[in-house]
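Structure first, commentary second.
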Amino acid sequence: MDYFECILRNGLFGFGHNHGIHQSLHTIISSQASQIGTFLDGQAARAAFHTSFTEYASHLVEFLVFNDTMQSDIGRRAGSKMISCEVLVLVCSMLAYDEFDPADADAMDKLVIAAIKHALPLQPATLKVIATRLTEKPGLLERVASSMEGAEIICDLFSVHFVSAVSSISEGWARKLIGLCSVCAGSPICHGVSAEVEKWRALTETIAALVKHRKNCQAPAPQ
């Protein structure tokens, strides 16, 4: 994975502005694409990525954009698709490591958005994993959804049937996004969602009351 590491470290244009060289690099990395998803398995690779996170993340987003242009070439299409899917696997694995939690939030959000955006048309099963990570990581979904591009990506991701069908994802996202609307500096009224926020609150209170009632009914009668 030497060339992929070089892309992360120096960026695509660290190799100059020769399109032919960029295509050659893409060919080499495509042939090793299956290893991108496991790149962070090594402690040294994680340490290097963490130490230079902002630069590495920016270079990876830049490479994803270039990779997308390669899909117009029939001969490179399969390799480009594999790279997009494996980068999403890499980002999912990154979010599983606690050492990346304090990383540059803006760079992290842009990387997450780019990874989802470029993999979405391919519908890999990993989309369910990234959706789960967005549920689990404190503040991540809220930050991503706060930007226009991020909000659109979140909508597109939730429209994938095998993502929205997972109850833990739909419920977790609903709690987080309703919470985001509730604490918005402009208040829910300015977004026209105040009625929906109140409906959600009423629904959660009703569910909580029903759960409590069920537990009381199932409790053994006092002797």
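Of note:
- The numbered conditions (1) in contact with a His (Cβ under 7 Å, 6 or more places away or on another chain); (2) under 26 Å from Ile28 (Cα atoms); (3) surrounded by fewer than 18 Cβ atoms within 10 Å (Cβ to Cβ) are all true for Glu99 except (2).
- Single match in Ala131, Ala151, Ala115 (criterion: under 25 Å from His22 (Cα atoms) and either free of Cβ contacts under 8 Å to residues at least 12 places away in the same chain or surrounded by 18 or more Cβ atoms within 10 Å (Cβ to Cβ) (or both)): Ala115
- Which numbered condition Pro138 fails, given (1) outside any helix (DSSP H, G or I); (2) closer than 22 Å to Phe66 by Cβ: (2)
- Subset of the stretch 161-185 [assigned to a helix (DSSP H, G or I), out of contact with any Phe, Trp or Tyr (no Cβ under 9 Å at 6 or more places or on another chain) and modelled with pLDDT of 90 or more]: His161, Phe162, Val163, Ser167, Ser168, Gly172
- Helices (runs of 4 or more DSSP H) (entirely within the stretch 1-119) containing at least 1 residues that are within 28 Å of Glu152 (Cα to Cα) and under 16 Å from the mean Cα position of the chain (by Cα): 53-70, 77-95, 105-119
The values are calculated or read from the model by the stated rules, or taken from the named source; none is laboratory data. Please read all numbers here as calculations on a predicted model, not as lab measurements. Neighbour counts run over all protein chains shown; Cβ positions are idealised from the backbone, glycine included.
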